[in-house]
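What follows is a single structure, written as structure tokens, with notes after it.
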Amino acid sequence: MTRCGVVALAGKPNVGKSTLLNALVGEHLAIVSPKPQSTRLPVVGLLTRADTQFIFTDSPGLLEPEYKLHETMRAAALRAIADAEVIAYLHPLAAFPAPDLLSVARLEKPPRAPVVTVYTKADLVPPSDRPTVWPSDCVVSAPRGEGLDRLLDTLRAHLPESPFHYDPDAMATQPMRFFAAEFVREAAFELLHEELPYSVAVEIDEFREGQEPVYIRAVVYVERASQKGIVIGEGGRTIKAIGQTARGKIEALLGTRVFLELHAKVLPKWRRQLSSLKRLGYAG
Ligand code: GDP
Ligand code: MG
């Protein structure tokens, strides 16, 4: 009998949830940034290994909401925890021991699903300084691929017997246009400074497949006219660089050449307005 189920990757912002999802799936699906709170929507990654299909969800970090977008991010993170068969609760090994998930997530009652504590970024802790974790906890380093097999074995034990939900070769469940928008945002996180990436949202206007190169037109929204100027940059230099970086990421996932056209537009205070958040797909 096969096993199949949802594994929620949970934890504070910046603990390495997206990086771990990518390492487990073996493909760059979830955007990663040294800046916290880059993940706004759950990203689903699939891994089918022998008789087990893992459905990983990488959700936004559990945080104190400061504005409407944060509220929808927190709600998405809590929904992912509530819907999971098992929760992988991530915390950096350097900050051992992990506080209780209940207090981190400010949950009123313990989650229904079992929780596996996963200490991340083990490569940042010298072996001589490594704390002794509980035998039931896992320790991983995503860039080194350390601890991943043991983590999968531990998670597998918590998954129900069930037929596979997806094709064993599939890695993602979300449409390519979702990843295209996310990769433009990831490029914005890489190339824009300070708070500006948090004001960036991306909408795909047109996505024409079945031709080479695939044609994608996207709008990069910011909240104020002054931000639009910075995103465009002198003589269009910055938006061009964002487009080039994003195009490389989209091509890597699609496996074909891509023509990516970006336009910058102002959508005033979109992070604080439910109507804008709905339009951008951030609120249900
Ligand atoms: P998330 O906010 O929990 O999704 O965290 P990310 O996956 O975006 O990672 C946050 C930062 O930590 C990024 O700069 C990653 O490159 C870095 N990071 C994540 N996992 C590891 C790891 O295992 N080792 C090291 N050295 N850095 C990591
Ligand atoms: Mg993330």
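The values are calculated or read from the model by the stated rules, or taken from the named source; none is laboratory data. Computed from a prediction, not measured in an experiment: that's the story for all the values here. Every residue, glycine among them, receives a Cβ derived from its backbone with ideal geometry; neighbour counts consider all protein chains shown. Ligands, DNA and RNA are stripped out before the accessible areas are found, and what is left, the full protein with its side chains, is counted by its heavy atoms. Shrake-Rupley method; radii C 1.70, N 1.55, O 1.52, S 1.80 Å.
For the peptides 144-150, 46-52, residues were scored by their other Cβ atoms within 10 Å and the scores averaged per peptide; the highest-first order is 46-52, 144-150.
Relative contact order of region 141-274, taken over Cα pairs closer than 8 Å and 6 or more residues apart, is 24 percent.
Dipole check for the chain: with +1 at the C-beta of Lys and Arg, -1 at the C-beta of Asp and Glu, and the Cα centre as origin, the magnitude is about 840 Debye. Once Rh for region 83-131 is found with the Kirkwood sum over Cα pairs, what is the Stokes-Einstein diffusion coefficient at 37 °C and 0.692 mPa s, in µm²/s? Once the numbers are plugged in, D ends up at 274 µm²/s. Looking at Ala187, Leu20, Ala157, which one has the Cα that reaches farthest to the positive end of the dipole of the chain (charges on Cβ: Lys, Arg +1; Asp, Glu -1)? Value computed over the given set: Ala187.
Shape class for region 42-91, computed from the alpha carbon gyration tensor (a ≥ b ≥ c): prolate, with a/c not under 1.5 and a/b above b/c.
Given an 8 Å cut-off on Cα distances and at least 6 residues of separation, report the relative contact order of region 106-186 as a percent. Relative contact order for region 106-186 comes out at 23 percent.
Placing unit charges on the Cβ atoms only, positive for Lys and Arg and negative for Asp and Glu, gives region 1-112 a dipole magnitude near 80 debye about its Cα centre. Computed over the chain, relative contact order equals 19 percent, with contacts defined as Cα pairs under 8 Å that lie 6+ residues apart.
Please state, as a whole number in µm²/s, the translational diffusion coefficient that the Stokes-Einstein equation yields for region 157-284 at 4 °C and 1.567 mPa s, with Rh defined as the Kirkwood radius across alpha carbon pairs. Spell out each step's value before the answer.
Numbers: Rh = 15.9 Å.
So the translational diffusion coefficient is about 81 µm²/s.
Restricting the calculation to Cα atoms, every distinct pair contributes to the Kirkwood radius of region 194-243, found to be 12.1 Å. The lysines whose alpha-carbon is closer than 17 Å to the alpha-carbon of Lys12, local same-chain residues fewer than 8 away aside, are Lys35, Lys121.
If you place +1 on the Cβ of every Lys and Arg, -1 on the Cβ of every Asp and Glu, and leave all else neutral, what size is the dipole of region 19-69 about its Cα centre, to the nearest 20 Debye? Spell out each step's value before the answer.
Numbers: 4 positive and 5 negative charges, 23 e Å.
In debye, rounded to 20, region 19-69 gives about 120.
The residue list Val266, Val139, Tyr282 was ranked by how far each Cα lies along the charge dipole of the chain toward its positive end, using unit charges on Cβ atoms, and Val266 comes out on top.
Taking the inverse of the average 1/r across all pairs of different Cα atoms in the chain, what Kirkwood radius in Å do you get? It would help to have the intermediate numbers written out before the result.
Numbers: mean 1/r = 0.0505 Å⁻¹.
One over the average 1/r among Cα pairs gives 19.8 Å for the chain.
Where only protein heavy atoms count, and the probe is 1.4 Å, what is the accessible area per residue for region 1-157 in Å²?
Values: 6690 Å² over 157 residues.
Result: 43 Å² per residue.
Here the scattering of region 100-227 is modelled by Debye summation over its C-alpha atoms, one equal scatterer each and no solvent; at q = 0.10, 0.19, 0.21 Å⁻¹ the log10 of I(q)/I(0) is -0.63, -1.13, -1.15. Per the Cα gyration tensor, region 31-154 maps to an equivalent ellipsoid with semi-axes of 23, 18, 16 Å, ordered largest to smallest.
Annotation: the antiparallel percentage among DSSP beta bridges lying fully within the chain is about 40. Under a 5 Å amide H cut-off, with hydrogens placed 1.01 Å from N, Leu90 pairs with Ala10, Gly11, Val118 among residues at least 5 apart or on other chains. The convex hull built on the alpha-carbon positions of region 1-98 has an orientation-averaged projected area of 6.7 nm². Peptides 184-197, 252-265, ordered by how many other C-beta atoms sit within 10 Å of their residues on average, highest first, read 184-197, 252-265.
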